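Quick note: the coordinates plus some simple rules give every number you see, no bench work behind them. Nothing here was measured: the structure is a model prediction, and the numbers come from that model. Positions of Cβ are generated from backbone atoms using ideal geometry, with glycine treated the same way; all protein chains shown enter the neighbour counts.
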Amino acid sequence: MSTTTANETVHDRIAVAKETMTLGQMAAVTAFAAAIAFALIFVQEPLVHDSMHNFRHAAGITCH
């Protein structure tokens, strides 16, 4: 499966991740995603919120 096709879907990316990542890597990614989600949902102090917003943009995540 090629990872450079223009019509690649999220399902395709998940399948590639399942094939190439170890259980430890998957656990680390899940923990990191949970920590980021917690911070984005519950940390609403303006300075922290703005820095997280800028981080999302720097990471290439479109949020608006």
Taking the Cβ of each residue in HIS49, HIS11 as the centre, tally the other Cβ atoms inside 10 Å and list the residues starting with the fewest.
-> HIS11, HIS49
If one puts a single equal scatterer on every Cα of the chain and applies the Debye formula without solvent, what log₁₀ I(q)/I(0) results at q = 0.14, 0.22 Å⁻¹?
-> -0.60, -1.01
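Based solely on its DSSP helices, what 222 nm [θ] is calculated for the chain when runs of n ≥ 4 H residues each add -39,500 (n - 2.57) and the sum is averaged over all residues, nearest 500 deg cm²/dmol?
Details: 3 runs with 44 residues, N = 64.
So the calculated ellipticity at 222 nm is -22500 deg cm²/dmol.
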Under the Karplus relation with 6.51, -1.76 and 1.60 and θ = phi - 60°, whole-Hz ³J(HN,Hα) for the stretch 12-21, x at Gly and Pro, equal 5, 5, 5, 4, 5, 4, 5, 6, 10, 9
Residues MET26, MET52 in order from fewest to most other beta-carbon atoms within 10 Å are MET26, MET52
Most exposed first by the Cβ proxy, i.e. fewest other Cβ within 10 Å, how do ILE41, ILE36 rank?
-> ILE41, ILE36
